[in-house]
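To keep things clear, I will list the structure first and then write my remarks on it.
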Amino acid sequence: MTFWWLAIKDLLIVVRDKKAFLTLIMMPLLLIAILGAAFGDVMKQDEDVTIEKFTLGIANLDKGELSTVLTDEVFTKALSKQIKVKSYDEDRLRDKVKDHKLSVGLIIPPNFTSALMSGSETKVKLLTVPDPGIKATIVQTVIEQFSNSISIEVFASQLAQPVNAGNQTSIVQPKPSSDKITQPLLKETTINAKTKPVESFQYYAAAMGVMFLLMTVVQGVTTMILEKEQAVYNRLLLTKLTFTQYLTGKMLGLIIISLAQAFLIILGTKFLFGVDWGPSLSGIVLMTVGFVFNACGLGILAGSFIKTEKAFSVAGMFATQIMAAVGGSMVPLYLFPDWVNSITKFLPNGLALQTYLDLMSGATVSEILPAVAGSLGLGLLFFVFGLFRLSLERRGRYA
C-alpha cells in the first residue's frame with residue numbers, strides 16, 4: 001500500500017500551507033455569505049414570481065361529462081392564461097413526453113366520470129419529464145381540487161334524495177367513505193408533496209461549495225503535472241512505487257483533501273449561517289463522496305492530455321468557470337430551460353448541485369441513489385481512461 005504515503009504527503013502539504021487553507025475554506029464561506037445576503041430578498045419574494053405559460057397534453061379516454069368539464073372548462077377556459085391544452089391519443093402523448101416535446105401530459109381513464117359519480121376509486125396518469133418544475137404541481141393541484149369538489153357535490157345530492165311517499169322513513173343513500181372522497185387521482189408522477197422551497201443561503205452554500213471543489217481538483221492536478229515537469233515524478237518511480245500506485249496515490253490524496261474541504265464548508269455554513277442541508281445526513285455524505293470522486297476522476301483525465309503545468313492551470317480554471325456558469329453556481333438553475341438542466345447533469349458540479357437542492361427540499365436517500373451511482377460510475381470511468389492515457393504516454397516515452 002505504498003500509494004498511501006503519497007496521499008498523506010499531499011495532505012500534509014496542504015495542511016501546512018496557510019494560503020491554501022484560506023483559499024479552500026475561507027473564500028467559499030465569504031462568498032456564500034455575500035451572495036446569500038445579497039440575493040436573499042430576491043429568492044423570498046414568491047409573490048413577484050410569474051408562472052410562464054406552458055402546454056399540457058391530454059389524452060381523454062373517457063369522453064364523459066366530467067372529463068369534458070375538466071378539459072374544456074377548467075384547463076382550457078379557466079386556466080387559459082397559464083395553460084395551453086392540446087389533445088392527443090394515448091400513444092402519441094407518451095411519445096411526446098418521452099421525446100421532451102411536452103413537459104407534462106395527462107391521461108384520463110375511460111371510467112373517470114362514472115367512478116367520480118359513484119364515489120369509487122379512479123386514477124388519472126400524470127406523465128412528466130424528469131424535472132418538470134412547477135408545471136406538474138399546478139396540474140396535480142387542479143385535478144385534486146376538481147375531484148374533491150365533485151365528491152362533495154355527489155355526496156350533497158345523495159343527501160337530498162326525496163322522501164318515499166309510501167313510507168314515512170326517509171331513504172338516504174349511504175355516505176361515501178372518506179377514503180373514497182380523498183382518493184388520490186395521480187399515478188406515474190414525479191411530484192413530492194413534502195418538497196420545501198430552497199432559500200438563498202441554501203442555494204449558494206451548495207453552488208459555491210461545488211465550484212470551489214472543482215477549483216481544488218484543478219489545483220491538485222496542476223501540482224501533479226508540475227511534479228512531472230520538475231522530475232519529482234521520475235525520482236518517485238525509481239523507488240518501489242509503480243506508475244499505477246503513483247496515480248492512485250495522487251487520486252486518493254486529492255479525494256481526501258476535497259472531502260475535507262467539502263465537509264468543512266457544509267459544517268461551516270450550517271453553524272455560521274444556519275443553512276439547512278436537508279434531513280438526510282446519509283444522503284449528503286453519499287452525494288459528497290460521489291461528487292468528489294467524479295470531479296477528481298475528471299481532473300485526472302483532463303490532466304492526462306495536457307503536458308505543462310501552466311497550460312493546465314489556465315485551461316483548468318477556464319473550464320471550471322464555464323462549468324460553474326452552466327451548472328448553476330453563478331446563475332440560479334430555475335432561470336435555465338429544462339433541457340439545459342438535464343444536460344448539466346452530465347457535469348460533476350451540475351449533477352451535485354441539483355442533488356443537493358433536492359436533499360434540501362426533503363428528498364430521501366433512495367431518491368438520490370441514481371445520482372450517487374452515476375457520479376461514482378463516471379468518476380471511475382474518467383480515472384480508468386486517464387490511467388490508460390498516461391500509460392500509453394509513458395510507454396511511448398520510454399519505448
(message) For Glu52, only one of the following conditions fails: (1) open to solvent by 70 Å² or more (accessible area, probe 1.4 Å); (2) over 23 Å from the mean Cα position of the chain (by Cα). What is its number?
(response) (2)
(request) Collect the residues in segment 79-122 that are on the phi > 0 side of the Ramachandran plot and either of a type in the set (Phe, Trp, Tyr) or under 30 Å from the mean Cα position of the chain (by Cα) (or both), keeping them in residue-number order. (result) His100
(message) If Ala302 satisfies all but one of (1) surrounded by 21 or more Cβ atoms within 10 Å (Cβ to Cβ); (2) in a helix (DSSP H, G or I), what's the number of the condition it fails?
(response) (1)
(message) at pLDDT below 85, under 25 Å from Leu387 (Cβ atoms), among the small types (Gly, Ala, Ser) and buried (at least 17 other Cβ atoms within 10 Å of the Cβ): is that true of Gly249 in this structure?
(response) yes
(request) Hey, could you check segment 91-136 for residues that are surrounded by fewer than 16 Cβ atoms within 10 Å (Cβ to Cβ) and acidic (Asp, Glu) and say which is farthest from Leu333 (Cα to Cα)? (result) Glu121
(request) Would you be able to say whether some residue in segment 284-296 is open to solvent by less than 10 Å² (accessible area, probe 1.4 Å), in a helix (DSSP H, G or I) and among the aromatic types (Phe, Trp, Tyr)? (result) yes
(message) Of all residues being outside any helix (DSSP H, G or I) and within 14 Å of Ser282 (Cα to Cα) in segment 329-372, which is most open to solvent (accessible area, probe 1.4 Å)? Just the residue, please.
(response) Thr364
(message) Going residue by residue through segment 307-320, is there one that turns out to be within 20 Å of the chain's Cα centre (by Cα), within 13 Å of Leu214 (Cβ to Cβ) and surrounded by 17 or more Cβ atoms within 10 Å (Cβ to Cβ)?
(response) yes
(request) Within segment 79-106, work out how many residues are assigned to a strand (DSSP E or B) and either small (Gly, Ala, Ser) or touching a helix residue (DSSP H, G or I) at 6+ places or on another chain (Cβ under 6 Å) (or both). (result) 5
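The values are calculated or read from the model by the stated rules, or taken from the named source; none is laboratory data. Please read these numbers as outputs of a predicted model, since none were measured by experiment. Note: ideal-geometry Cβ built from the backbone for every residue, glycine included; neighbour counts use all protein chains shown. Remember, those area values only see protein heavy atoms, side chains included, never the ligands or the DNA or RNA. Shrake-Rupley method; radii C 1.70, N 1.55, O 1.52, S 1.80 Å.
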